Amino acid sequence: QVQLVESGGGLVQPGGSLRLSCEVIGNIFSIAAMGWYRQAPGKQRELVAQITPRGRTNYADSVKGRFTISRDNAKNTVYLQMNSLKPEDTAVYYCNRDDIATQHPDNDDYWGQGTQVTVST
């Protein structure tokens, strides 16, 4: 069973930056494609960024050029550097293995607690 511990969220003004971290405990992190996802109030959870075990990345159009996903396999941790934040980035941010996220998109048993990001003046 995968345990996901997200951290780093907070309140930030538009144009500001945050760095999210996600520690993955208890599973095959180094060979798993990982992703960051977010869920805004009243909306479905959506993919923000993905990273393969070798570091190939993919981003949602809405965050390209502003967000950067990275991983440290030695620390079983995936990061999301978020720059030039906008109010529409406000959401709870989650990380997960891509295969688990695809198979169980709406089952909270397969997701961590997430970390709240609020972009506001």
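The values are calculated or read from the model by the stated rules, or taken from the named source; none is laboratory data. None of the values given here were measured: they were computed from a predicted structure. As a convention, Cβ positions derive from the backbone with ideal geometry for all residues, glycine included, and neighbour counts pool all protein chains shown. Ligands, DNA and RNA are stripped out before the accessible areas are found, and what is left, the full protein with its side chains, is counted by its heavy atoms. Shrake-Rupley method; radii C 1.70, N 1.55, O 1.52, S 1.80 Å.
Observations
- Here Lys43 is the anchor, and the lysines within straight C-alpha reach of less than 26 Å, apart from those fewer than 8 places off in the same chain, are Lys64, Lys86.
- The amide H of Gly16, built 1.01 Å from its N in the peptide plane, has Leu85 as neighbours under 5 Å, considering only residues 5 or more places off or on other chains.
- The chain - charge dipole about Cα centre, Lys and Arg +1 at Cβ, Asp and Glu -1, debye rounded to 20: 420 debye
- Annotation for Ala60 and Ala74: the two label points, set 7 Å from Cα along the Cα-Cβ direction, are 3.2 nm apart.
- Take segment 4-117 with all the other protein chains still there, run a 1.4 Å probe, and you get 53 Å² of accessible area per residue.
- Binning the C-alpha pair distances of segment 33-95 at 10 Å intervals from 0 yields a P(r) profile of 22, 55, 22, 2 %, listed from the shortest bin outward.
- Using just its DSSP H runs of length 4 or more, each adding -39500 (n - 2.57), the chain gives a mean residue ellipticity at 222 nm of -1000 deg cm²/dmol after division by all residues.
- Size of the chain from its Cα atoms: along the principal axes, largest to smallest, the extents are 40, 28, 23 Å.
- Computed about its Cα centre, the charge dipole of segment 50-96 is approximately 220 debye, with only Lys, Arg, Asp and Glu carrying charge at their Cβ.
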